[in-house]
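To keep things clear, I will list the structure first and then write my remarks on it.
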Amino acid sequence: MLKVSAEQLQQMAATYPANRKLPTGAVFASKITNVTITGYKSGKVLFQGKLAEAEAARWGTVTPAPATKTASDLPANFAQLAVLGSDEVGTGSYFGPLTTAAVFVPTEQIEALAQLGVKDSKQLSDPTISQLAKEIAARCPYHVLDLAPHDYNRLINQYNQAQLKALCHNFVLQQVLAKIAPVKPAAILIDQFVQPATYFKYLAGQPTIVKDQVYFKEKGESYHVAVAAASIMARAYSLQTMARLADEAGLSLPIGAGQAVDNVAVKLVQKGLELDHFAKLHFANTKKVYTQLRK
């Protein structure tokens, strides 16, 4: 990836044949021998293929674009590779589902997603998340596992939360790999929640374990847009489920696990509703709720 001036971008567009479909945000896209070149309105130019570095070197005065966060144990130029990323939301919230998503971002969609504003879902408003999820779904293969509270409560009796998360990540990654086959991602990046050895220990005995080219990073969205896209897809589905549950409850369901959550849970029980349908019962909130009801 190179960062060029507007003048250089025009010169490059005139140099390369316009023989490829333009991705979102691109001003030119060209395929030549062993290299694909895509130039974007932002001034970023992506070179891909066996001779990418040599072709980019023709524009020797071009300044490299600012890099996404990198790490020595990740493949070179990781942020520009075709990556399958996964992330989950809902683990710290008493109400609502545990939602896990995986998204495969081909190289030609990386800049397009960046132009759309795809980043960590925690930095985005709910309406923005919903809109971006539609854009991601239209561009990238994905799969979402939205584990409703009732199912979560059943499974948490068999697994601890970290193990359940590992099972969910492994499942959504399998689903996306099946959708894109025979294409394979250059790498898989999981938003890290346990040490890699522990993650794979949790998956021991599973009939299929996704482990080839798998990497783990905390704040994975800062290493590749695929994790940010997965975060957004997970959040979008979670928001839909939370809205449905709130309608069924006839009450707004706050996120997190604070006092406001306890107060709403008390009201749910007083209305004769089952907490199992709305909440993750192993949280300490459940004990607090019934203690409060006995007063």
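Each reported figure results from applying straightforward, stated rules to the coordinates on display, with no laboratory input. Keep in mind that this is a model prediction, so the values were computed, not measured. Glycine also receives a Cβ, built like all others from the backbone with ideal geometry; neighbour counts cover every protein chain displayed.
Compute the helix-to-body angle for 285-294: its Cα long axis versus the longest principal axis of the chain, expressed 0 to 90° and rounded to tens. Taking Cα atoms only, the helix is inclined about 20 degrees. Sorted fewest first by neighbouring Cβ atoms within 10 angstrom, Glu274, Glu7, Glu221 come out as Glu7, Glu274, Glu221.
So how strong a dipole does the range 2-64 carry about its Cα centre when Lys and Arg Cβ are +1 and Asp and Glu Cβ are -1, to the nearest 20 debye? Working shown, then result.
Working: 8 positive and 3 negative charges, 42 e Å.
That gives the range 2-64 a dipole magnitude of about 200 debye.
Each Lys and Arg Cβ is given +1 and each Asp and Glu Cβ -1; about its Cα centre, the chain then shows a dipole of about 140 debye. Give me the lysines in straight-line cross-link reach of Lys179: C-alpha distance below 19 Å, same-chain residues under 8 apart excluded. Hits, sequence-local ones excluded: Lys134, Lys211. Compare the Cα positions of Val144, Gly258, Thr38 along the charge dipole of the chain (+1 at Cβ of Lys, Arg; -1 at Cβ of Asp, Glu; about the Cα centre) and return the one farthest towards the positive end. My answer, from the dipole projection, is Gly258. Kirkwood radius and radius of gyration were both taken over the C-alpha atoms of the chain, and their ratio Rg/Rh is 1.07.
With only alpha-carbon atoms in the gyration tensor, what are the semi-axes of the equivalent ellipsoid for the range 78-244, in Å, largest first? Display every interim value, and only then the final one.
Details: eigenvalues 104, 81, 34 Å².
Over the Cα atoms of the range 78-244, the ellipsoid semi-axes are 23, 20, 13 Å.
Look at Asp262, Asp126 and count the other Cβ atoms within 10 Å of each Cβ; fewest to most, that gives Asp126, Asp262. The dipole here belongs to the range 78-244: it is taken about the Cα centre, uses +1 on the Cβ of Lys and Arg and -1 on the Cβ of Asp and Glu, and is about 240 debye.
From a point 7 Å beyond the Cα of Glu274 in the direction of its Cβ, which residues of the range 157-178 have a backbone N at a distance under 13 Å? Taking a point 7 Å out along Cα→Cβ of Glu274, no residue of the range 157-178 has its backbone N under 13 Å.
Cβ-Cβ distance of Ala76 and Gln158, R₀ of 41 Å, FRET efficiency by 1/(1 + (r/R0)^6): the value works out to about 0.50. Here the convex hull built on the C-alpha positions of the range 2-64 has a volume of 72 cubic angstrom per residue.
Relative to the longest principal axis of the Cα atoms of the chain, helix 6-15 runs at roughly 60 degrees. For the pair Thr15 and Gln115, the difference between a 0.36 nm per residue extended length and the Cα-Cα distance amounts to 33.6 nm.
Pop out the Kirkwood hydrodynamic radius of the range 178-233 from its pairwise C-alpha distances, inverse of mean 1/r, in Å to one decimal. Present the calculation step by step, with values, prior to reporting the outcome.
Details: mean 1/r = 0.0800 Å⁻¹.
One over the average 1/r among Cα pairs gives 12.5 Å for the range 178-233.
Restricting the range 186-217 to trypsin sites (Lys or Arg not before Pro) that sit in a DSSP loop and have at most 15 other Cβ atoms within 10 Å of their own Cβ leaves Lys211. Over the C-alpha trace of the range 152-265, radius of gyration and Dmax come out as 16.7, 51 angstrom. If you take the Cα centroid of the range 123-183 and the Cα centroid of the range 92-113, the two points sit 7 Å apart.
Taking the fewest neighbouring Cβ atoms within 10 Å as the starting point, the ordered list for Met12, Met233 is Met12, Met233. Between 0 and 90 degrees, the angle of helix 161-180 with respect to the longest Cα principal axis of the chain falls at about 40 degrees.
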